[in-house]
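Notes follow once the structure below has been shown.
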Amino acid sequence: MEAIKKQASKLREQVAKQQQAVLKQFGGGLGDSENIVTDETELQRHQNLEKLYTSTRAAKRFQREIVRGVDGYIVTGTKLVQIGTKLSEDSRKYGTENTCTSGSVLSKVAFSFSRARVQIEKEYKNLLTALGTQVAEPLRAMVVGSPLEDARQLAQRYDRVRQEAEAQVVEVSRRQVRMREPSFHSDNMLKLEAAETKLVELKSNMTILGKEAGAAMAAVEGQQQRLTLQRLASMVAAERTYHQHVLQILDELREEMLSERQSFEASPVTATDDMIPPTSYNKLENLFVSQTYNVFTDGMGYFLGEVMHSYEAESDVELTLAIGDYVVVRKVTNNGWAEGECKGKAGWFPFGYVERRERVLASKVAEVF
């Protein structure tokens with residue numbers, strides 16, 4: 001009997017030493033998970049994994065929101081392209097038919113507007129295509145891709161093993177308590193050793209999984225950051241290119257519209273009998289006194305004008321002018337139009353497009369007729 005008591009006492013001392021070693025390696029408390037594993041490196045690894053898990057989850061959510069926004073932008077933009085294309089077709093149809101009886105300025109503007117809208121819609125299609133291929137598709141592929149899921153699964157496996165290790169620490173501590181009980185049995189020693197062995201294995205697996213999961217999650221986080229930044233930059237570049245091209249198109253259209261508007265405001269509203277040029281002009285005789293010609297006065301009140309701005313006739317009663325031409329101005333009306341002859345042809349033209357000349361080389365005068 002005495003020998004049994006001595007053996008039990010000896011076993012209890014061994015258990016106490018083993019308990020101290022286990023608590024020193026695996027923790028000193030049972031309620032707080034962070035205190036179960038007192039290894040500072042392991043604790044930092046666990047905290048870092050939690051941060052990486054939160055970071056990659058937030059980045060994935062942000063990527064998903066970008067994809068959803070771009071998809072909506074493409075759907076709405078496609079509808080806007082259809083509306084703009086219809087407007088372009090309507091403008092082209094009006095410009096082609098040219099049913100107005102008082103001039104073709106609006107028809108020209110409508111045709112130019114149609115052409116510009118076609119170019120704008122083409123640029124818009126290019127923008128939508130770029131947003132789809134350069135932004136939405138790469139981000140969508142990463143959101144549903146395997147690298148992130150693989151890394152998250154590793155992190156989850158690490159977390160499960162860590163929880164098993166925490167539970168095993170409790171089991172080891174419970175069996176150590178039993179070793180101190182009076183009803184000690186030799187089987188308890190074997191069970192304690194088995195529990196401690198399992199705890200060591202779990203600790204080893206936890207360390208290996210923690211390193212693998214940390215490396216995988218860090219790689220995914222870096223890839224998320226780089227790819228998202230690149231795709232946002234691509235979006236800005238695509239939109240910037242689109243707006244630059246559209247601005248150039250609109251500037252050119254504006255210049256055409258202003259030119260046509262000025263021509264329209266300077267033109268007579270309707271054609272009248274006074275605007276119809278005579279079938280022929282009487283040639284001016286005795287105009288050449290020398291190599292120069294004084295045109296300030298003549299018997300019929302005509303004078304010579306030099307063309308300063310080119311003008312393209314828009315009807316049969318108008319006269320086409322080129323810069324540098326000389327015109328015999330026969331009549332000037334109050335609405336800003338003049339009647340005259342140039343290069344053997346007679347017609348109406350904006351009086352503001354010519355400047356009166358008092359003395360002109362005779363060779364230039366000869367070109368008028």
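Any read-out appearing in this document is the output of simple, stated calculations on the displayed coordinates, not a laboratory observation. All of these numbers come straight from a predicted model, not from anything done at the bench. Backbone-built Cβ (ideal geometry, glycine too); neighbour counts: all protein chains shown.
Computed quantities for the displayed model
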{"item": "Vicinal HN-Hα couplings computed from phi for segment 111-116 (Karplus, 6.51 cos²θ - 1.76 cosθ + 1.60; Hz; Gly/Pro x)", "result": "5, 5, 4, 4, 4, 5"}
{"item": "FRET efficiency for Ile323 and Phe62, using Cβ-Cβ distance with R0 set to 56 Å, rounded to 0.05", "result": "0.40"}
{"item": "Zone of Asp187's modelled label, taken as backbone nitrogen in segment 156-179 under 20 Å from a point 7 Å along Cα→Cβ", "result": "171-179"}
{"item": "In Å, descending, principal axis extents of the Cα set of segment 106-169", "result": "89, 15, 8"}
{"item": "Rounded, prolate or oblate (a/c below 1.5 giving rounded, otherwise prolate when a/b exceeds b/c) for segment 58-194 by Cα gyration tensor", "result": "prolate"}
{"item": "In Hz, Karplus ³J(HN,Hα) per residue of segment 65-77 (6.51, -1.76, 1.60; θ = phi - 60°; x = Gly, Pro)", "result": "5, 4, 4, 4, x, 5, 4, x, 4, 5, 4, 5, x"}
{"item": "Full-extension gain in nm, Thr129 to Ile208, via 0.36 nm per residue minus C-alpha separation", "result": "23.9 nm"}
{"item": "Rg over Rh, two decimals, segment 148-249 (C-alpha only, Kirkwood Rh)", "result": "1.50"}
{"item": "Segment 34-159, relative contact order [Cα under 8 Å, separation at least 6], %", "result": "33 percent"}
{"item": "Inter-site label distance for Glu171 and Thr197 at 7 Å from Cα along Cβ, in nm", "result": "1.3 nm"}
{"item": "Cα centre as origin, Lys/Arg/Asp/Glu Cβ charges: segment 88-229 dipole, Debye", "result": "380 debye"}
{"item": "Sorted peptide list for 197-204, 79-86, criterion being average Cβ within 10 angstrom, highest first", "result": "197-204, 79-86"}
{"item": "Hypothetical label at Glu355: residues of segment 300-330 whose amide nitrogen lies under 15 Å (7 Å Cα-Cβ projection)", "result": "304-310, 323-327"}
{"item": "Difference of contour (0.36 nm per residue) and Cα-Cα distance, Thr76 to Met308", "result": "78.6 nm"}
{"item": "Nitroxide proxy distance, nm - points 7 Å out along Cα→Cβ at Glu149 and Gln244", "result": "4.0 nm"}
{"item": "Ala313 long-range amide H proximity, modeled H, under 5 Å", "result": "Thr320, Leu321"}
